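What follows is a set of notes on a single structure, which appears directly below.
The values are calculated or read from the model by the stated rules, or taken from the named source; none is laboratory data. Predicted model, so just to flag it, every value in this text is computed and none were measured. Virtual Cβ from ideal backbone geometry, glycine too; neighbours counted across all protein chains shown.
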């Protein structure tokens, strides 16, 4: 750790430093972030871009008494280093280490938990209103990136805050990117960069002129006053993107260079001293201070471990479900012009980048606006197109009403490609996709399937595109299956709905795995085989509709059935199996293996599978104890 940084125990220590010392500290913080993230992986580019902004905010505020609310948390690594976590920073995103996001139970400085975008304004509004109602006295500052401004939640909060004239401050950190390059009309408006001095000088002059008209000795007619208002608004509209915010009741300041502490600190202090709702527009550069992150900020948004000198990842990436999905969709779209690709600020993360290049007229990135993406897909489906909505499992939660009301209720053939189903690893509970089986299988008309391999994913996508009876959800994990001898160039094959498959036969007990957990079931069976315990293994493929024939075969052949899934047990695949048996009046020992009724912390998939009993070794142990309780 750098010497200057090691002397900062909490934000109050910053107030003892000069601007020059703060600039030196900024360099130290960047070096430490680059060093640690190169080892652990993490959200590098966003955090590098917000270093000076973080220093200035903590310098000007009295945190944690004053409430500093970060949006998402991608940019919060400097915040963690300045708030008593520098000595543990090497444990970033590691099991039992500090989180990559904001967590109130981790630090009193993390005043509001954040992992999904666009929540900071509404949270800040809530805290400010609570302060006013309880008679407390503290400042409230919400930090939000311009990419998050594509989300409707932001405008709902702006609308209410402006109406109520709530006294709180918003800092808009504008780097012209969310995860990928921003899309849409709103970011284009924000990116009209005009000097802050020009706007504020013009605004003050116009307000002074109006005040003179009203208070001076001259008798000015009402018509001239109205005309002067129109002049004011016209000038503001010509020179500043802030007119939009001012029409909502917010006073706008900026833009300010977010890397110039000499300008940023005075601007923050000035804006903090105003009353009512106000916005400070700050311009920053994503990846600032690290050449490779500046050059390719999208690549370094969520970076794997990398070599600092070259920027290259330390561990080669192989085949993945995401890559297989993207390639398969391109192949199928070449033959069917009705296929549309839709995502929400995740073109690269969902594997749609190649689709976007090949078929730009059939690709739609909605930014951080999952709800609009789903409803637009519904409209396209009504008109006979085949929309494929590729969104991370955890982010589709944000459009759940639209999935039910606008797609499933109308029984429209929209395909949902849910990447990051199951455990995603070090991003933790805000990003684990461990609820999708439960929240989708209760939706009428919905087919819900999960492949165990990249090869099977290709066939499921082909099947889904041919299915025109209603919505179809494909759910698959981050990374690859690791299965050998996959043929990803053969012709597509339809998979009957529903149809599971037996992967091996055995005695006494059967393991029925859903999706990639069928592979863990096979590995567990291999462990038990060495102990002369033969176990049957099935790949369920579908949770809705359920392959009832496969379940009945398991009931007939085996004394005990184990269902295995990388989802919470409540409402998941195992619940579906047990509900089916109960409704059939069948009494059977059917045990569900999966995640418990709690939020799962961060850690590698293997670490978490082991902890929660669904690693091959833990599955084998569970079977062994079930068959031989005395062991």
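I'd like the residue in the stretch 551-574 that is assigned to a helix (DSSP H, G or I) and crowded, with 22+ Cβ neighbours inside 10 Å and, out of all such residues, is nearest to the chain's Cα centre (by Cα). Give the steps one after another, and end with the answer.
Kept after step one, since they are assigned to a helix (DSSP H, G or I), are these residues of the stretch 551-574: 551-557, 573-574.
Imposing the further condition that a residue be crowded, with 22+ Cβ neighbours inside 10 Å reduces the set to 551, 554, 573-574.
Details: 551: 36, 554: 38, 573: 24, 574: 27 Å.
Restricting to residues being assigned to a helix (DSSP H, G or I) and crowded, with 22+ Cβ neighbours inside 10 Å, the top hit is 573.
Right, residue 448: more than 20 Å from residue 541 (Cβ to Cβ), crowded, with 21+ Cβ neighbours inside 10 Å and in contact (Cβ under 8 Å) with a residue 60 or more places away in the chain or not? Give the derivation first.
Numbers: more than 20 Å from residue 541 (Cβ to Cβ): no; crowded, with 21+ Cβ neighbours inside 10 Å: yes; in contact (Cβ under 8 Å) with a residue 60 or more places away in the chain: yes.
No, not satisfied.
Exactly one of these conditions fails for residue 582: (1) surrounded by 17 or more Cβ atoms within 10 Å (Cβ to Cβ); (2) without any contact (Cβ under 8 Å) to a residue 40 or more places away in the chain. Give me its number.
Evaluating residue 582 over (1) surrounded by 17 or more Cβ atoms within 10 Å (Cβ to Cβ); (2) without any contact (Cβ under 8 Å) to a residue 40 or more places away in the chain leaves (1) as the failure.
Return the only residue of 366, 359, 355 being at pLDDT below 95 and in contact with a helix residue (DSSP H, G or I) (Cβ under 9 Å, 6 or more places away or on another chain).
Numbers: 359 fails: at pLDDT below 95; 355 fails: at pLDDT below 95.
The match here is 366.
Are any residues in the stretch 445-473 in a loop (DSSP other than H, G, I, E, B) and under 25 Å from the mean Cα position of the chain (by Cα), and if so, which ones? It would help to see each step written out before you state the result.
First, pick out the residues of the stretch 445-473 that are in a loop (DSSP other than H, G, I, E, B): 445-446, 450-453, 467-471.
Matches in the stretch 445-473: 446, 450, 451, 452, 453, 471.
Go through the residues of the stretch 377-387 one by one and say whether even a single one is at positive phi, out of contact with any helix residue (DSSP H, G or I) (no Cβ under 9 Å at 6 or more places or on another chain), outside any helix (DSSP H, G or I) and without any contact (Cβ under 8 Å) to a residue 60 or more places away in the chain. So that I can check it myself, show each step before the final result.
Going residue by residue through the stretch 377-387, those that are at positive phi are 384.
Remaining after also requiring out of contact with any helix residue (DSSP H, G or I) (no Cβ under 9 Å at 6 or more places or on another chain): 384.
Among the residues that remain, those that are also outside any helix (DSSP H, G or I) are: 384.
From what's left, without any contact (Cβ under 8 Å) to a residue 60 or more places away in the chain: 384.
So far as the stretch 377-387 goes, yes, one or more of its residues are at positive phi, out of contact with any helix residue (DSSP H, G or I) (no Cβ under 9 Å at 6 or more places or on another chain), outside any helix (DSSP H, G or I) and without any contact (Cβ under 8 Å) to a residue 60 or more places away in the chain.
Quickly run through the stretch 287-304 and pick out the residues that are assigned to a loop (DSSP other than H, G, I, E, B) and modelled with pLDDT under 95. First the steps, then the outcome.
We begin by selecting, within the stretch 287-304, every residue assigned to a loop (DSSP other than H, G, I, E, B); these are 287-290, 296-302, 304.
Answer for the stretch 287-304, where residues must be assigned to a loop (DSSP other than H, G, I, E, B) and modelled with pLDDT under 95: 296, 297, 298, 299, 300, 301, 302, 304.
This table checks each residue for (1) part of a loop (DSSP other than H, G, I, E, B); (2) without any contact (Cβ under 8 Å) to a residue 12 or more places away in the chain; (3) within 21 Å of residue 492 (Cα to Cα).
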position: 308; (1), (2), (3): yes, no, no
position: 324; (1), (2), (3): no, no, yes
position: 337; (1), (2), (3): yes, no, yes
position: 340; (1), (2), (3): no, no, yes
position: 347; (1), (2), (3): yes, no, no
position: 355; (1), (2), (3): no, no, yes
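Do we find that residue 28 is surrounded by fewer than 24 Cβ atoms within 10 Å (Cβ to Cβ) and either over 21 Å from residue 272 (Cα atoms) or in contact (Cβ under 8 Å) with a residue 40 or more places away in the chain (or both) in this structure?
On the way: surrounded by fewer than 24 Cβ atoms within 10 Å (Cβ to Cβ): yes; either over 21 Å from residue 272 (Cα atoms) or in contact (Cβ under 8 Å) with a residue 40 or more places away in the chain (or both): yes.
In short, yes.
Tell me, which residue of the stretch 504-532 that is closer than 19 Å to residue 450 by Cβ and touching a helix residue (DSSP H, G or I) at 6+ places or on another chain (Cβ under 6 Å) is surrounded by the fewest Cβ atoms within 10 Å (Cβ to Cβ)?
Among them, the one singled out is 523.
From 118, 142, 148, 99, which residue is assigned by TED's automatic domain parsing to the domain that holds residue 57, crowded, with 24+ Cβ neighbours inside 10 Å and at positive phi?
Details: 142 fails: at positive phi; 148 fails: at positive phi; 99 fails: at positive phi.
After ruling out the rest, the residue left standing is 118.
Can you spot a residue in the stretch 110-117 that is in a helix (DSSP H, G or I) and either over 28 Å from residue 365 (Cβ atoms) or within 20 Å of the chain's Cα centre (by Cα) (or both)? Talk me through it step by step, then tell me what you get.
Kept after step one, since they are in a helix (DSSP H, G or I), are these residues of the stretch 110-117: none.
No.
Any idea which of (1) touching a helix residue (DSSP H, G or I) at 6+ places or on another chain (Cβ under 8 Å); (2) closer than 30 Å to residue 364 by Cβ; (3) modelled with pLDDT under 95 is the one residue 142 doesn't satisfy?
(3)
On the given criteria, is residue 254 in contact (Cβ under 8 Å) with a residue 40 or more places away in the chain, on the phi > 0 side of the Ramachandran plot, assigned to a loop (DSSP other than H, G, I, E, B) and assigned by TED's automatic domain parsing to the domain that holds residue 54?
Numbers: in contact (Cβ under 8 Å) with a residue 40 or more places away in the chain: yes; on the phi > 0 side of the Ramachandran plot: yes; assigned to a loop (DSSP other than H, G, I, E, B): no; assigned by TED's automatic domain parsing to the domain that holds residue 54: yes.
So residue 254 does not fit the description; no.
Starting from the stretch 170-181, keep only residues that are outside the structural domain of residue 61 (by TED's automatic domain parsing), then list their pairs with residues that are at pLDDT below 70 and surrounded by 24 or more Cβ atoms within 10 Å (Cβ to Cβ) whose Cβ atoms are within a distance under 7 Å, requiring at least 6 positions of separation or different chains.
none
State whether the residues of the stretch 363-370 include one that is buried (at least 18 other Cβ atoms within 10 Å of the Cβ), assigned to a helix (DSSP H, G or I) and outside the structural domain of residue 154 (by TED's automatic domain parsing). Before the answer, list the steps.
Just the residues of the stretch 363-370 that are buried (at least 18 other Cβ atoms within 10 Å of the Cβ), to begin with: 363-370.
Going one step further and asking which of them are assigned to a helix (DSSP H, G or I), we end up with 370.
Filter again for outside the structural domain of residue 154 (by TED's automatic domain parsing), leaving 370.
Yes, that holds for at least one residue.
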